[in-house]
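Beneath this line is the structure, given in structure tokens, with notes to follow.
The values are calculated or read from the model by the stated rules, or taken from the named source; none is laboratory data. The shown structure was predicted, so the numbers you read here are calculated from the model rather than taken from an experiment. Every residue, glycine as well, gets a Cβ built from its backbone with ideal geometry; the counts of neighbours run over all protein chains shown. Side chains included, ligands, DNA and RNA excluded: accessible areas come from the protein's heavy atoms. Shrake-Rupley method; radii C 1.70, N 1.55, O 1.52, S 1.80 Å.
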Amino acid sequence: MFTGIAKAPGWKSNYIPDGEVAPVYALTMDVGRQDPRFRSPRVPNPPQYAADAFARLLTKQGIKVAKSVRQTKAPAGAAELGRVDSAPSTPSSSTPSPTATTTWPRP
């Protein structure tokens with residue numbers, strides 16, 4: 001979903017390895033922490049960690065999932081299963097801010 005590097009330009013080189021921040025990805029959970037109660041350690045691959053956690057939750061609910069979770073792109077025309085729209089941020093100028101949207105296509 002996001003292109004470019006997974007760290008902000010102003011971040012010091014030790015921020016990610018020291019667990020100060022997690023790399024920026026379109027999918028993450030618990031701010032990339034292995035245990036949300038603690039500041040670190042962070043997971044090495046936040047999108048994969050979140051996808052694996054979601055697959056475990058689906059399995060616990062009796063929903064069959066594939067043995068491995070992998071990134072893929074939904075086919076053209078796939079039905080939308082859900083959507084989350086974030087509230088627009090308050091702009092610091094008169095320029096309107098975009099609203100983030102996340103959708104889940106039907107497999």
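Quick check on the range 1-32: of everything there that is among the hydroxyl-bearing types (S, T, Y) and more than 14 Å from the chain's Cα centre (by Cα), which residue is surrounded by the fewest Cβ atoms within 10 Å (Cβ to Cβ)?
Let us first name the residues in the range 1-32 that are among the hydroxyl-bearing types (S, T, Y), namely 3, 13, 15, 25, 28.
Narrowing further to those that are more than 14 Å from the chain's Cα centre (by Cα): 13, 15.
Working: S13: 8, Y15: 15.
Looking at the filtered set, the residue picked out is S13.
Being open to solvent by 50 Å² or more (accessible area, probe 1.4 Å) and within 10 Å of A22 (Cα to Cα) is the filter; apply it to the range 33-55 and report the residue that is modelled with the lowest pLDDT. Break it down stepwise before answering.
Restricting attention to the range 33-55, the residues satisfying the condition of being open to solvent by 50 Å² or more (accessible area, probe 1.4 Å) are 33-34, 36-41, 44-45, 48-49, 52, 54.
Imposing the further condition that a residue be within 10 Å of A22 (Cα to Cα) reduces the set to 33, 40-41, 44-45.
Details: R33: 89, S40: 76, P41: 85, P44: 83, N45: 87.
Per the stated criteria, the residue is S40.
Could you identify the single residue in R106, R83 that is in contact with a strand residue (DSSP E or B) (Cβ under 6 Å, 6 or more places away or on another chain), surrounded by fewer than 12 Cβ atoms within 10 Å (Cβ to Cβ) and modelled with pLDDT of 75 or more?
Numbers: R106 fails: modelled with pLDDT of 75 or more.
Going through R106, R83 in turn, the sole match is R83.
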